[in-house]
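Peer 1: Let me begin by handing over the structure; questions about it come next.
The values are calculated or read from the model by the stated rules, or taken from the named source; none is laboratory data. Note that the structure is predicted; figures quoted are calculated from it, not measured. Backbone-built Cβ (ideal geometry, glycine too); neighbour counts: all protein chains shown. For the accessible areas, the whole protein counts, side chains as well, though only heavy atoms, and no ligand, DNA or RNA atoms are used. Shrake-Rupley method; radii C 1.70, N 1.55, O 1.52, S 1.80 Å.
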Amino acid sequence: MSSFGTLYSYPGNPRAAKIHAVANLSGLTITDGAFTMGETNRSEAFLSKFPLGKVPTFTSADGLNLFESGAIAAYVAENGPRREQLLGATPAERAAIRQWIDLAENELTTHSMTCLIPRLGYRKFDEGAEAFAIQCMERVLAVLENHLSAAAGGRKFIASESLSLADITIAQSLTWGFKLVLDAEVRGKYPAVVEYFKRVLASEGVKEAFGEPEFVEKRTVPQ
Ligand SMILES: N[C@@H](CCC(=O)N[C@@H](CS)C(=O)NCC(=O)O)C(=O)O
């Protein structure tokens with residue numbers, strides 16, 4: 001099958017996994033482009049197409065250049081047969097899916113980056129900043145728990161009856177948190193979210209993109 005386009009990123013990036021999951025579900029082939037962090041994204045050729053210099057980025061087979069993983073994932077979904085399932089069939093469904101995507105990106109991803117960056121050595125560890133980030137993530141986890149709980153009807157997916165881009169985005173947004181800081185003690189307060197996260201990551205098309213979920217047992221702080 002011919003490639004729908006080329007995705008530029010580094011291995012193990014959950015934002016790129018989100019896009020690959022959507023491509024898998026959409027029956028579209030996406031090729032991984034050659035990319036070295038700190039080199040490719042600083043080159044003039046790259047910056048002329050993707051001025052922010054961050055990944056993932058995407059060039060479609062017909063020459064459309066896109067940055068921002070959410071926009072890329074939505075574009076891939078738009079071009080596949082499961083467009084309505086992934087993005088919503090009505091204005092209300094699309095708004096609900098968008099609502100959860102924005103919550104995941106603006107709150108979960110943003111605060112999980114506060115925890116990830118010092119662990120990659122890019123910034124000094126700050127316990128106060130991390131405690132605030134965890135508190136902010138827990139605020140969202142409580143909302144998700146409530147929405148997914150048996151008391152609320154035991155929803156399997158967050159925005160609709162079947163897997164949507166909202167579920168894949170939430171899974172992406174929780175990946176670093178569950179791996180690094182939202183440890184067993186924290187997760188114990190949000191059992192419906194943990195089950196949901198596992199369910200989304202075990203879904204056909206998603207599991208091939210994300211691999212096995214990883215959970216930190218006890219949060220440790222970087223030295
Ligand atoms: N909102 C963007 C965030 C992209 C982003 O922050 N990418 C990071 C890696 S995960 C990056 O490329 N950083 C390189 C840099 O800051 O120069 C998206 O979802 O695509």
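Peer 1: Under 7 Å by Cβ, and 6 or more places apart or on different chains, what pairs join a residue from region 32-43 that is over 17 Å from T59 (Cβ atoms) and assigned by TED's automatic domain parsing to the domain that holds S9 with one that is near the ligand (Cβ under 10 Å from one of its atoms) and modelled with pLDDT of 95 or more?
Peer 2: The qualifying pairs are M37/Y10; R42/G53.
Peer 1: State whether one or more residues within region 78-95 are free of Cβ contacts under 8 Å to residues at least 12 places away in the same chain, at positive phi and more than 18 Å from the chain's Cα centre (by Cα).
Peer 2: no
Peer 1: Do we have V181 as open to solvent by less than 50 Å² (accessible area, probe 1.4 Å), under 27 Å from R82 (Cα atoms) and aliphatic (A, V, I, L, M) here? Don't jump to the end; show me each part of the working.
Peer 2: Details: open to solvent by less than 50 Å² (accessible area, probe 1.4 Å): yes; under 27 Å from R82 (Cα atoms): no; aliphatic (A, V, I, L, M): yes.
Taking the combined requirement at face value, the residue does not satisfy it.
Peer 1: Y122 passes all but one of (1) among the hydroxyl-bearing types (S, T, Y); (2) outside the structural domain of D183 (by TED's automatic domain parsing); (3) within 14 Å of the ligand (Cβ to nearest atom); which number fails?
Peer 2: If we test Y122 against (1) among the hydroxyl-bearing types (S, T, Y); (2) outside the structural domain of D183 (by TED's automatic domain parsing); (3) within 14 Å of the ligand (Cβ to nearest atom), just (2) comes out false.
Peer 1: Consider region 114-124. How many of its residues are part of a helix (DSSP H, G or I) and exposed (fewer than 13 other Cβ atoms within 10 Å of the Cβ)?
Peer 2: 0
Peer 1: Sort through K18, K54, K49 and tell me the only one that's more than 10 Å from the ligand (Cβ to nearest atom) and of a type in the set (K, R).
Peer 2: Being more than 10 Å from the ligand (Cβ to nearest atom) and of a type in the set (K, R) holds for just one of K18, K54, K49, which is K49.
Peer 1: Are any residues in region 1-40 open to solvent by 30 Å² or more (accessible area, probe 1.4 Å), of a type in the set (G, A, S) and over 24 Å from T109 (Cα atoms), and if so, which ones?
Peer 2: Once the filter is applied, which keeps residues that are open to solvent by 30 Å² or more (accessible area, probe 1.4 Å), of a type in the set (G, A, S) and over 24 Å from T109 (Cα atoms), region 1-40 yields S2, S3, G27, A34.
Peer 1: While we're on this one: Mind telling me which of the residues L182, L141 ends up being of a type in the set (A, V, I, L, M) and in a loop (DSSP other than H, G, I, E, B)?
Peer 2: From the options L182, L141, the qualifying one is L182.
Peer 1: Here's a follow-up. Considering A151, A159, which residue is modelled with pLDDT under 95 and aliphatic (A, V, I, L, M)? Show your work before the answer.
Peer 2: Numbers: A159 fails: modelled with pLDDT under 95.
Going through A151, A159 in turn, just one is modelled with pLDDT under 95 and aliphatic (A, V, I, L, M): A151.
Peer 1: Considering each of E68, E84, E93 in turn, give the residue that is farther than 27 Å from C136 by Cα and either modelled with pLDDT of 95 or more or open to solvent by 70 Å² or more (accessible area, probe 1.4 Å) (or both).
Peer 2: Just a single option satisfies the conditions, and that option is E84.
Peer 1: Going by what's in this entry, would T59 be described as touching a residue at least 24 places away in the same chain (Cβ under 8 Å) and under 21 Å from G211 (Cα atoms)?
Peer 2: Criteria not met by T59.
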